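This report refers to the structure that appears directly beneath it.
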Amino acid sequence: MTMKLNKTELKAVEEFLSSDIKDGNELMLLKRKLAKKHHIRILENSSILKALNSLTIKPFPGVRRLLRKRSIRTLSGIAPVAVLTEPYACPGKCAYCPTEKNVPQSYLSNEPAVMRAIRCHYDPYVQVRDRLKALVANGHEPTKIELIVIGGTWSVLPEKYKYWYIKECFRGANEFYETRNMRHEAQNLKRKTRNENIDKLKDILEKEQKKNESAKYRIIGITLETRPDYIDEKELREMRELGCTRVELGVQAIDDKILKLNRRGHGVGAIARATELLKNFGFKVTYHIMPGLPGSTPARDLRMFKRLFNDGRFQPDQIKFYPTVVTRGSLLYRWWKQGKYKPYSDKVLRGLIIRCKNIVPPYVRIIRLIRDIPGESIVAGNMVTNLRQVLAAEGVKCNCIRCREIKDGKLEIRNRKLEIIKYEASGGQECFIQAISKNKDDKNNLLGFCRLRLPTHNVERVTHNALDDCALIRELHVYGELVPVGKDKKIQHTGLGKKLMSEAEIIARKNGYEKIAVIAGVGVRSYYRKTGYRLKDTYMIKKLK
């Protein structure tokens, strides 16, 4: 929490801003020196940032970057904002899943994201504003928001609740710059609109989406999480109306015996069908994978992981590792107490993840290695919650997107080349068009990429009518520090995105496609309009000459 500064502290801030420091070490030394000189507490970065916005003094170059807390949050080019839905009954009876009163199924009340949601009374409007406020206070400019909606199986929530929820998320982003009395205003509108009929809610949502196209804080992507067996055409059409661009599937394992033993409620066939439908609608696909489930072994987990990329029915774009842990309130806890289940040791799990990382393809991003469950809630299983950082410190690196992406925008952006990786997936061909640095010494050299899908010609595909005869751009991403539109150029806003798009259009045209469609987030529709794309049934579509 940012504390209000007194006159002496403000004087110290002015002296701080008149200095010239280069890195974090010099930052800490200067803050200590000023605290000792003025007999004050060590200044918080957030307090200095807040004062900076109100003082007329010109600060030294790069001050905001030095003061920015957890700068990694926006180094991938976007600002992730996670929000949680209210607790609703889950259709699953999974053995590993904890159940806690007044918390969404599979979540725990002491998880950071859940604690924030509870503090906001699960109100989506308040949650969005709360996260944006925190990002701004810590020196970020979250003008490009990736909204991540968590809370279990989105598909089983009431239809009216879903439209109301996303509408409120858009409203929270749209009004963040303008209003301040957030809780009172949010609760008033909640009472007025949550019980509107579905047509009215859809109409309000569409208006908020239209506003967001030109808002200061734009939602450029929406992620929803659900079960594979709840994916069908109707569900995906609805997701597109809401503005969803990425779907996270609770896959857990691609072995029918393991899924059955853990009472998952579906088999591998449902995972393959859901993946194909999602890709043919243009969605990005994230798999949740749970090594160490009852019935599995490290060797079997490794075989399943290899199969994800050897078998064209799967080929996820992103992976979240959620190693199995034992928590109270689950059937797995009873099995563990009875001696029927034993989790992997930290050493075994660590070795398995390293082997998995070594075989991950360069077109896949590993988002998480460990789920953010507090140690006090884990009865048995992995306790190392910062495993990614531990492995990175030991030099463990793989070819996944996250390990290769440029972080700070310092590469020479003109010294780049395009490469295309082609692979078969879910009845079509995927083209991963990547822009990489030519400098061989660059450790993190991925500047950006485009995912182009070429659905099989002359094969009846039941998808979205707007996508007939279309090649599909499922993702366009340029890395480097988040740069708001109109600000100084780093990697973003250098024309690299347009270059990747142009290459995708050339490939689509050569393969006989008449049109190309982008599953664009609401907040980036204006970007695609500039290059000839037009909105049709939630997609940005362009005719290829």
Original post:
In region 270-299, what count of residues is obtained for those that are surrounded by 19 or more Cβ atoms within 10 Å (Cβ to Cβ), among the hydrophobic types (A, V, I, L, M, F, W, C) and farther than 16 Å from P323 by Cα?
Top reply: 8
**OP:** Kindly indicate whether any position in region 91-101 is out of contact with any strand residue (DSSP E or B) (no Cβ under 9 Å at 6 or more places or on another chain), modelled with pLDDT of 90 or more, surrounded by 18 or more Cβ atoms within 10 Å (Cβ to Cβ) and part of a loop (DSSP other than H, G, I, E, B).
**Re:** yes
**OP:** Output the number of residues of region 246-269 satisfying the condition of being more than 15 Å from G152 (Cβ to Cβ), touching a residue at least 60 places away in the same chain (Cβ under 8 Å), more than 26 Å from the chain's Cα centre (by Cα) and surrounded by fewer than 22 Cβ atoms within 10 Å (Cβ to Cβ).
**Re:** 2
Original post:
Looking at region 443-497, which of its residues are loosely packed, with under 15 Cβ neighbours inside 10 Å and at pLDDT 55 or above?
Top reply: K443, T456, H457, N465, D468, D469, G495
Subject >> Tally, over region 509-532, of residues that are farther than 24 Å from C169 by Cβ and assigned to a loop (DSSP other than H, G, I, E, B) >> reply: 7
**OP:** Quick one: in region 398-417, of everything that is part of a loop (DSSP other than H, G, I, E, B) and within 12 Å of N445 (Cβ to Cβ), which residue is modelled with the lowest pLDDT?
**Re:** L411
Subject >> Selection within region 418-442 - at pLDDT below 90 and not in a loop (DSSP other than H, G, I, E, B) >> reply: S437
Subject >> Residues of region 314-327 satisfying the condition of being within 19 Å of the chain's Cα centre (by Cα) and either in a strand (DSSP E or B) or among the small types (G, A, S) (or both) >> reply: Q318, I319, K320, F321
Original post:
On the given criteria, is Y322 surrounded by 16 or more Cβ atoms within 10 Å (Cβ to Cβ) and under 30 Å from E475 (Cβ atoms)?
Top reply: yes
Subject >> Condition check for S526: surrounded by fewer than 18 Cβ atoms within 10 Å (Cβ to Cβ) and at pLDDT 75 or above >> reply: yes
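Yes or no, residue by residue, for (1) closer than 27 Å to V285 by Cβ; (2) assigned by TED's automatic domain parsing to the domain that holds E430; (3) of a type outside the set (S, T, N, Q); (4) part of a loop (DSSP other than H, G, I, E, B):
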position: F309; (1), (2), (3), (4): yes, no, yes, no
position: G312; (1), (2), (3), (4): yes, no, yes, yes
position: G329; (1), (2), (3), (4): no, no, yes, yes
position: Y341; (1), (2), (3), (4): no, no, yes, yes
position: Y344; (1), (2), (3), (4): yes, no, yes, yes
position: K357; (1), (2), (3), (4): yes, no, yes, no
position: P362; (1), (2), (3), (4): yes, no, yes, yes
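The values are calculated or read from the model by the stated rules, or taken from the named source; none is laboratory data. Remember, it's a predicted structure, so these values are computed and weren't measured experimentally. Don't worry about glycine lacking a Cβ; one is built from the backbone with ideal geometry, like all the others, and counts go over all protein chains shown.
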